[in-house]
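Worksheet for the structure shown next.
The values are calculated or read from the model by the stated rules, or taken from the named source; none is laboratory data. Because the structure is a prediction, the values reported are computed rather than measured. In this analysis, Cβ positions are derived from the backbone assuming ideal geometry, glycine residues included, and neighbour counts consider all displayed protein chains. Remember, those area values only see protein heavy atoms, side chains included, never the ligands or the DNA or RNA. Shrake-Rupley method; radii C 1.70, N 1.55, O 1.52, S 1.80 Å.
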Amino acid sequence: MDYKLIDGKWPLEGFVDQTDAKAGFKWGYVGLGQGGGKMVDAFASIKNPKTGEQIYPCIVANSNLGDMANLKNIPARLKFGMEGFENGVGKDPEVGEQAFLGSGEKIFEAIANEMGDCQMILVVASLGGGTGTGAINVLVDAIISYLGIPAIAATSLPIPNEIESRNAYNALNNLVEKFALTYDEEQDRHYRKLESLIILDNDKIIKEHLTEPEVTGLTWDYYSNYKLASILHEWSVLTSLGSDFTVDVADLMNHILTGGGVLTFAKKKINLDEFKNNEDLIQEIVSTYRGKNVLANGFNYEKDMRSMALVVVMPKGKADLLNQDTLERIRGKIKESLPNVNFYPGSVTNNSARHAIVYTMASMAGLPERARNLRDEAQALYDQRIESEKSATGFNMGDKLNIGSPKPSIISGSAPGMKKGNPFAQKEVSATAEGKKEAVKQAGNLFKNLAAKKPN
């Protein structure tokens, strides 16, 4: 088995199975709804290259049982349906919330058993539908309040659609409000209702996939799922690699991941043979966070960035190009453009011959552009539908046609021998099968009787 492939399809960078590599993040993933389940199934496919065992504990829950049938990396015991809502909730988040609450006890018990010792739990959902959109806020609240484990929400924005954009806006609005809800308890325990938020813009990812795909032969939804799983797993491994200039898990947990902000990720591969001097290389590294965002675009870096970690993966044979002095020069360049940002640079090595890989992770006090405009998007789509309905041709076919010589109606009350009343009401009979047969026998064939009495 190739452990550098997610789900056997998406390539991870080569350093993930180096001798000294291991997952630094002890995270659990809970997928809600169809979209969330697929995303978490990608994480469940990531295996330890030394033992072959699944690295991250993963659970999925969905109202529609059929949606979970194709999740091949999660065992049946960790797939949870929602009793009474087995056919879905029809993109209604209120119904989705009720469906989750009805089965929440067994789902939460499994989370506590499987993920009770995790550093962080990520609740993953595709916003726009009913189950994940309705359940995500409820579950985030429960994890921090009852397990005391920091929670991150990882969400995807739908392709623009009136109903789904509205649903996504309402759920996202509730999520970001949790950043401001902080609590202090005994033993100096301090936490907030939501530590961070990850946003995938499916509209952005689809356009990239159709124009410049990183991996061919995938539908856009799997492309999106694998991008999320790969960037988080590669960061997880980066924190474990030995280096004199490392950014470790504690750095990320204390300064990036638990800051109550939106996380943005960037990644860039650099061919070192193309750079003749260190100054140009430094500029290329520094520019990464602006131009190579993985999951969403349109962040306001100058106003919103609060903290950023940057790690450069260097070939072992060229590691001397990035020493402590170089990292300080990178720090200085970042300070020039982002003077108020807390910056944490680092460097590790891999077995590549000529390519360096730059990773950035930043905590933002603001949303990406698509999320900021989601309310206006939903309103505009609603207005478009209303205007379209006004211009519809409708169902008016005009007045009834009376062509040719008029003929008396076959059910005219003046026809000879016509009976009055309802032939089916002549005698009250039981509603049993025998009773129905008796009613038909007594009434006769209404249409046969009428045909016999039709005037000439």
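Below are the figures for this structure:
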| item | result |
| --- | --- |
| Heavy-atom accessible area order for MET314, MET397, largest first, 1.4 Å probe | MET397, MET314 |
| Most to least packed among 118-127, 220-229 [average Cβ atoms within 10 Å] | 118-127, 220-229 |
| Radius of gyration and maximum dimension Dmax of the chain, Cα, Å | 31.1, 112 |
| Highest-first arrangement of 236-245, 65-74, 165-174, where packing means the average Cβ count within 10 Å | 165-174, 236-245, 65-74 |
| The stretch 222-265 versus the stretch 309-349: alpha-carbon centroid distance in Å | 16 Å |
| Diffusion constant of the stretch 249-301 at 20 °C, which comes from Stokes-Einstein with the Kirkwood Cα-pair radius and 1.002 mPa s, µm²/s | 163 µm²/s |
| Paramagnetic reach from ASP117 (point 7 Å along Cα→Cβ, amide N under 18 Å) across the stretch 145-164 | 147-150 |
| Gain upon complete extension [ALA250, THR393; 0.36 nm per residue less C-alpha separation] | 45.1 nm |
| Two-decimal Rg to Rh for the stretch 6-108 - Kirkwood Rh, Cα set | 1.06 |
| Value of [θ]222 nm, deg cm²/dmol, for the chain, DSSP H segments ≥ 4, -39500 (n - 2.57) each, nearest 500 | -11000 deg cm²/dmol |
| Nearby aspartates and glutamates by direct alpha-carbon distance to LYS335 (threshold 14 angstrom, same-chain neighbours under 8 apart not counted) | GLU302 |
| Estimated FRET transfer efficiency (ASN300, ILE206; beta-carbon r; R0 22 Å; 0.05) | 0.40 |
| Label-point gap, in nm, between GLN384 and GLU105 - each point 7 angstrom along Cα→Cβ | 4.6 nm |
| Listed residues LYS292, LYS178, LYS4 arranged by accessible area, highest first, probe 1.4 Å | LYS292, LYS4, LYS178 |
| Projected-area mean, the stretch 98-196, by convex hull of Cα positions, square nanometres | 6.6 nm² |
| Across LYS106/LYS303; LYS292/LYS390; LYS204/LYS303; LYS193/LYS269; LYS26/LYS72; LYS178/LYS303, pairs whose alpha-carbon gap is larger than 32 Å | LYS106/LYS303; LYS292/LYS390; LYS193/LYS269 |
